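Engineer: For reference, the structure I am asking about is given below.
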Amino acid sequence: MTADDARTAEIATALSTVRERLAAAAGAVGRHDGDVELLVVTKFFPAADVARLITLGECAFGESREPEAGRKVAELATDPEVAGLLADGGIAVDMIGMLQSKKTRSVARWARAVHSVDRTKIADRLDADARAALDDGVRRGPLDVLVQVSLDGDRSRGGVVAADLPALADRVEAARSLRLRGLMTIAPVDGEPRRWMAEMAQVRAGFLRDHPDADALSAGMSGDLEAAVEFGSTCVRVGTAIMGSRPILSQ
Ligand SMILES: *Cc1c(COP(=O)(O)O)cnc(C)c1O
């Protein structure tokens, strides 16, 4: 077995374990696992690993750092088949990490969705940058946006507090080149994921009364995907459990 094949086999094994966890979590609460998208978080891992995941049938990826992400997408697109899939939505890459305003322009060119919008300024810039990308023909449709909610008020991981959610959501909804898709959260790591996910479900219920079509909930990572699925997640973002551990500076 070559080194390449060994890495593919390693990822395949971890992937099937995660897919089993997802199916079990969905089944436990009477949901279909097909209703929960698996976003494989590939930050810090090379484009070659993303290519391996594509050969294993994965089509949705999460990246959290620019310019790493934009470079990786460009590298993937050097394969004409992958370029075609990226263009027609057969493969999608989402931005899930905190976003500085100077990075919005490039992100608006490669991302299907941004999960981490938590400020008016970022929403406005993404709207303008998505419009420019549409005009340039590098995007085919509006940029999907999920508003990130901070459940514990610790803004260092990003997110708006629930009280500020309505105004930001209305802003995104009104933006011409953005499409409000739903909410995202990163549960505090305190050993009580079900408590946080239950709280998220409550916030979401209120949000859905104003935005019934924005029904996406991006919640759940390697350590808490079961709790997230139990409380309504429609998209889990899983890195470590599939890719292995990242270098320490990613934490
Ligand atoms: C890195 C990252 C993940 C993946 O976390 P794991 O614990 O490695 O599964 C999910 N969401 C966001 C926003 C991330 O930055």
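The values are calculated or read from the model by the stated rules, or taken from the named source; none is laboratory data. Every value quoted in this text rests on a predicted model; they were computed, and no experiment measured them. Here the Cβ positions follow ideal geometry from the backbone for every residue, glycine too, while neighbour counts run over all protein chains shown. Note: areas computed on protein heavy atoms with side chains; ligands, DNA, RNA excluded. Shrake-Rupley method; radii C 1.70, N 1.55, O 1.52, S 1.80 Å.
Engineer: Please give me the summed charge of the neighbours of V238: other residues whose Cβ is under 11 Å from its Cβ, Lys and Arg +1, Asp and Glu -1. Walk me through the intermediate numbers first.
Structural biologist: Working: positive: R19, R21, R237; negative: E37, E58, D224.
Computed value for this residue: 0.
Engineer: Report ³J(HN,Hα) in whole Hz for each residue of region 204-216, in order, from the Karplus equation J = 6.51 cos²θ - 1.76 cosθ + 1.60 where θ = phi - 60°; Gly and Pro get x.
Structural biologist: Residue by residue, region 204-216 yields 5, 4, x, 4, 5, 5, 8, 9, x, 7, 8, 9, 7 Hz.
Engineer: Another question about this same structure. Quote the relative contact order of region 84-164 in percent (integer), defining contacts as alpha-carbon pairs under 8 Å separated by 6+ residues. Display every interim value, and only then the final one.
Structural biologist: Numbers: 120 pairs, mean separation 22.0, N = 81.
Averaging sequence separation for qualifying contacts and normalising by length gives 27 percent for region 84-164.
Engineer: Would you check the accessible area of E226, probe 1.4 Å, heavy atoms only, in square angstrom rounded to 10?
Structural biologist: 70 Å²
Engineer: Let me ask something else about it. Between beta-carbons, use under 13 Å as the cut-off and find the net charge around A6, counting Lys and Arg +1, Asp and Glu -1. Intermediate results must be reported in sequence, preceding the final value.
Structural biologist: On the way: positive: R7, R52; negative: D4, D5, E10, D49.
Combined, the nearby Lys, Arg, Asp and Glu give -2.
Engineer: Quick check: pseudo-label points 7 Å beyond the Cα along Cα→Cβ at T120 and D79, how many nm apart are they?
Structural biologist: The two pseudo-label positions are separated by 4.4 nm.
Engineer: With runs of 4+ DSSP H residues as the only contributors, calculate the mean residue ellipticity of the chain at 222 nm using -39,500 (n - 2.57) per run, divided by the residue total and rounded to the nearest 500.
Structural biologist: Computed ellipticity for the chain at 222 nm equals -14000 deg cm²/dmol.
Engineer: Among DSSP beta bridges lying fully in the chain, give the percent that are antiparallel, nearest 5.
Structural biologist: Values: 0 of 26 bridges.
Here the share of antiparallel DSSP bridges comes out near 0 percent.
Engineer: Checking the a/c ratio against 1.5 first, then a/b against b/c, what shape does the Cα gyration tensor give for the chain? Don't jump to the answer; show the numbers that get you there.
Structural biologist: Values: a/c = 1.68, a/b = 1.11, b/c = 1.52.
Cα axes put the chain in the oblate bin.
Engineer: Same structure again: Treating only the Cβ atoms of Lys and Arg (+1) and Asp and Glu (-1) as charged, compute the dipole magnitude of the chain about its Cα centre; round to the nearest 20 debye. Please report the intermediate quantities before stating the final value.
Structural biologist: On the way: 32 positive and 38 negative charges, 134 e Å.
Here the chain has a charge dipole of around 640 debye.
Engineer: Charges at C-beta only: +1 for Lys and Arg, -1 for Asp and Glu. How large is the resulting dipole of region 193-251 about its Cα centre, in Debye rounded to 20?
Structural biologist: On the way: 6 positive and 7 negative charges, 42 e Å.
For region 193-251, the charge dipole is close to 200 debye.
Engineer: Do you know the relative contact order of the chain, to the nearest whole percent, from alpha carbon pairs under 8 angstrom that are 6+ apart?
Structural biologist: Details: 423 pairs, mean separation 49.5, N = 251.
This gives 20 percent for the chain.
Engineer: Sticking with this one: Can you give me the long-range amide H partners of V117? Hydrogens built in the peptide plane at 1.01 Å from N, cutoff under 5 Å, separation of 5 or more residues or another chain.
Structural biologist: Amide H to amide H, under 5 Å and 5 or more residues apart or across chains, V117 pairs with L146, Q148.
Engineer: Please list the non-local residues whose amide H lies under 5 Å from the amide H of E37, H modeled 1.01 Å from N, same-chain partners needing a gap of 5 or more.
Structural biologist: Sorted by chain and number, the residues that satisfy this are C235, V236.
Engineer: How high is the FRET efficiency between H32 and R209 when r is their beta carbon distance and R₀ equals 30 Å, given to the nearest 0.05?
Structural biologist: Details: r = 25 Å, r/R0 = 0.83.
So, using R0 = 30 Å, E works out to roughly 0.75.
Engineer: Taking the Cα centre as origin and putting +1 on Lys and Arg beta-carbons and -1 on Asp and Glu beta-carbons, what dipole magnitude results for region 138-251, to the nearest 20 debye? Provide the component values of the computation, followed by the final result.
Structural biologist: Details: 14 positive and 15 negative charges, 113 e Å.
So the dipole magnitude of region 138-251 works out to roughly 540 debye.
Engineer: Can you tell which of A216, G141, S106 lies farthest toward the positive end of the dipole of the chain, using +1 and -1 charges on the Cβ of basic and acidic side chains (Lys, Arg; Asp, Glu)?
Structural biologist: It is S106, whose Cα lies furthest towards the positive end.
Engineer: Sort 198-208, 132-142 for me by packing, meaning the mean count of neighbouring Cβ atoms within 10 Å per residue, highest on top.
Structural biologist: On the way: 198-208: 16.5, 132-142: 13.7.
So the order, starting with the most tightly packed, is 198-208, 132-142.
Engineer: Using amide H atoms built 1.01 Å from N in the peptide plane, name the residues 5+ places from F61, or on other chains, whose amide H lies under 5 Å from its own.
Structural biologist: V40, A92, V93, D94
Engineer: Here's another thing I want to ask about it. From the residues V36, G62, S177, which one has its Cα farthest along the dipole of the chain in the positive direction, the dipole being from +1 and -1 charges on Cβ of Lys/Arg and Asp/Glu about the Cα centre?
Structural biologist: Highest projection toward the positive end goes to S177.
Engineer: OK, next. When the Karplus curve 6.51 cos²θ - 1.76 cosθ + 1.60 is applied with θ = phi - 60°, which whole-Hz ³J(HN,Hα) does each residue of region 178-186 get, with x for Gly and Pro?
Structural biologist: 10, 10, 5, 9, x, 10, 9, 8, 10
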